[in-house]
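Throughout, read-outs are computed from the coordinates displayed, never taken from laboratory work. Small disclaimer: the values here were computed from a predicted structure and weren't measured. We place every Cβ from the backbone using ideal geometry, glycine too, and count neighbours over all the protein chains shown.
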Amino acid sequence: MKKGLMALALCLLAGRAAVCAEPSRDAAADDGGRTVRLVTYNVGVFNKYVRDDYRLVAGLLREVRPDAVCLNELDSCTARTRGVFQLERIAGMMGGWDFRFGAAMPFDGGSYGEGVMTRERAVRKEAVALPEAGGAEPRVLVVVELPDYVIATTHLDHVSPEAQLEQVRTINREMMRRYGDSPKPVFLGGDLNAEPGSETLRLLERTWRVLTPTDGGTYPSDEPEQCIDYLLQLRNGVRCEVTDARVLSRFGTGDVSRASDHLPVLLEVRW
């Protein structure tokens, strides 16, 4: 008891709030750990139900305070969405976040693909083309490496099971080649167009661990029945503790069912 009173007295005498402050979300109290909040979200080119709904989506994202966001179905400077570089716009609305867009294919005067945006500055950013293998559209993997972790996103083919499996094989091989021996945790988020128990998920789970819920739907956003959006962690030996994982269906800042036909998925992890 006396030791506790002495510690309190010293804290008060120091006269600085930082001495007695709660630990930040990015630093564990005692062991120097790190906590991050990740979101994956298929935004439907920001025009699925409401034209130019950047403000709505930015408000939804700011409400959950993510550190990194995987975004699927993005246009870059297409006539369809009035020439906007969509990832640059939403990253600016988040406060000037860093970002990397990966073009899956040329489209309507610009390109269409996937992206990642991050609160921190990246140390490495790249895009990896994925095989079509009879699929309807080309696909891409976007990888962003940050000082303490790696976050990647993809949007698997929705037509050809053969293409899905070839894309997963490429993702597994390339991410293990790059980060299999890395001391950093590696995460993959995206619209995988595959439900739990599918051959696609079983193949992914050889190399990744699914960390987000699989017992509820992420699509369609108004009556979610299918779970096809996930966040996963690479099995490279880095241990993480899941502190929060859920499909986000209710927001105070807007109607998420009007923002896109998918629901965003949140993962908070600590290591």
> Before we move on, is M105 surrounded by fewer than 18 Cβ atoms within 10 Å (Cβ to Cβ) and in a strand (DSSP E or B)?
Replying inline: yes
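Working only within segment 46-62, note down all residues that are part of a helix (DSSP H, G or I) and either under 12 Å from L74 (Cβ atoms) or free of Cβ contacts under 8 Å to residues at least 24 places away in the same chain (or both). Before you say what the answer is, go through the steps one by one.
Kept after step one, since they are part of a helix (DSSP H, G or I), are these residues of segment 46-62: 46, 54-62.
Correct list: F46, Y54, V57.
Would a scan of segment 143-158 turn up a residue that is hydroxyl-bearing (S, T, Y), closer than 26 Å to I228 by Cα and over 15 Å from the mean Cα position of the chain (by Cα)? Lay out the reasoning, then the answer.
Taking segment 143-158 first, the residues hydroxyl-bearing (S, T, Y) are 149, 153-154.
This time we only want the ones that are closer than 26 Å to I228 by Cα, so: 149, 153-154.
Next, from what is left, pick out any that are over 15 Å from the mean Cα position of the chain (by Cα): none.
No, the conditions are met nowhere in segment 143-158.
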> Are any residues in segment 151-181 touching a strand residue (DSSP E or B) at 6+ places or on another chain (Cβ under 9 Å) and among the acidic types (D, E), and if so, which ones?
Replying inline: D157, E166, E174
> So is V140 touching a Lys or Arg at 6+ places or on another chain (Cβ under 8 Å) and either aliphatic (A, V, I, L, M) or part of a strand (DSSP E or B) (or both) or not?
Replying inline: no
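Please specify each residue of segment 147-170 satisfying the condition of being in a loop (DSSP other than H, G, I, E, B) and free of Cβ contacts under 8 Å to residues at least 40 places away in the same chain.
Listed by number, the residues that qualify are P147, D157, H158, V159, S160.
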> If you take the residues of segment 127-137 that are among the small types (G, A, S) and not in a strand (DSSP E or B), which of them is farthest from A68 (Cα to Cα)?
Replying inline: G134
